[in-house]
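Notes follow once the structure below has been shown.
Every number in this text was worked out from the coordinates using simple rules, so none of it is lab data. Predicted, not measured: the structure shown is a model, and the values here were computed from it. Here the Cβ is made from the backbone with ideal geometry for all residues, glycine too, and neighbour counts use every protein chain on show.
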Amino acid sequence: MQKQKVIVIGGPTASGKTSLSIELAKKINGEIISADSMQIYKDMNIGTAKPEKEEMQGIKHYMIDFISPEERYSVADYKTQVKKKIKEILEKGKIPIVVGGTGLYIETLIYEIEFFSIETDLEYRKELEKISEEKGLEYLYNKAQEIDKTAMEKISANDKKRILRVLELYHETGKTKTQLDKESRKEPEYDYKLFAIDMDRSILYDRINKRVDIMLEKGLVQEVKNICEKYNKFPTAMQGLGYKEVVEYLEGQVTYEEMIEKIKTESRRYAKRQLTWFRKYENLTWLNGLESTDKNIDIIINKYNN
């Protein structure tokens, strides 16, 4: 039996995924499912570049704005919910378009990754926390690189949660995260048509810098203040890019200018990691972000139809 088709559009931050997907949805009777690990949170709008109602132009969006910043939300939760949304959209006779830059969300979906329940060794966790305090997170990052270089290519040097996870998985199973990921893959339920946007690096970085300036003009600092007043704890949400730097500024750890530079630098680094992530997919079609929207839509429709 022929599998039903689902369009997936990835790419780095500020590459134009949102506007392209909305124009595409209007043309092919599609609905959009976000694959962005920060846009899931309520009240976090400016720093996540969440599309506003007018920007959506009447196109239905899923997986946006539905979790409190205080709640924990896993990749397994995402996969389960998105599979339901895809089914829902297809049953309406519309085309699902999964759009976002969180490579882990997309990979989990297209490779049907099953999540093994591996119990955390709390004593080992405490040991790692102690090492992090005494020797610094960079020491653990380097240790994780020695164990699993492939997995670490996609993990930032300051992403403590994911660095510890790589070390813990190896400690608990004797296998690397990369090995476990391969073992957990199944035949996908749908025929995923994969696309990713790229563009000249200097232009992309310039767009990222401008986007950060716009976020600050729109009131990113006030947004973070409001969230800090409204909620008490942020297990994951406040570690998000653009948010943790503002928190550092509000706590007096950095100046306003240092905060801006830090957000821009980290955003550019994140874009580089996103591109690395998407480059590993063999059956992916690259779109030039500097081409016209119509041309990129034609490329997507042609691949979808063939």
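What to note about this one:
- Alpha carbon convex hull of the stretch 122-183, volume per residue in cubic angstrom: 72 Å³
- Space enclosed by the convex hull of the alpha-carbon atoms of the chain, per residue, Å³: 144 Å³
- Reducing the stretch 1-37 and the stretch 154-192 to their Cα centroids gives an inter-centroid distance of 25 Å.
- Alpha carbon centroid spacing (whole Å) that separates the stretch 267-281 from the stretch 62-134: 18 Å
- Test item: Cα-centred dipole of the stretch 32-154, Lys/Arg +1 and Asp/Glu -1 on Cβ, debye: 620 debye
- Each Lys and Arg Cβ is given +1 and each Asp and Glu Cβ -1; about its Cα centre, the stretch 122-183 then shows a dipole of about 140 debye.
- Look at the Cα gyration tensor of the stretch 27-70: its axes a ≥ b ≥ c give a/c of at least 1.5 with a/b over b/c, and that counts as prolate.
- Count Lys and Arg as plus one, Asp and Glu as minus one, and take only other residues whose Cβ is under 12 Å from that of N296; the net charge is then -1.
- Given +1 at the Cβ of Lys and Arg, -1 at the Cβ of Asp and Glu and no other charges, the dipole of the stretch 93-157 around its Cα centre is 320 debye to the nearest 20.
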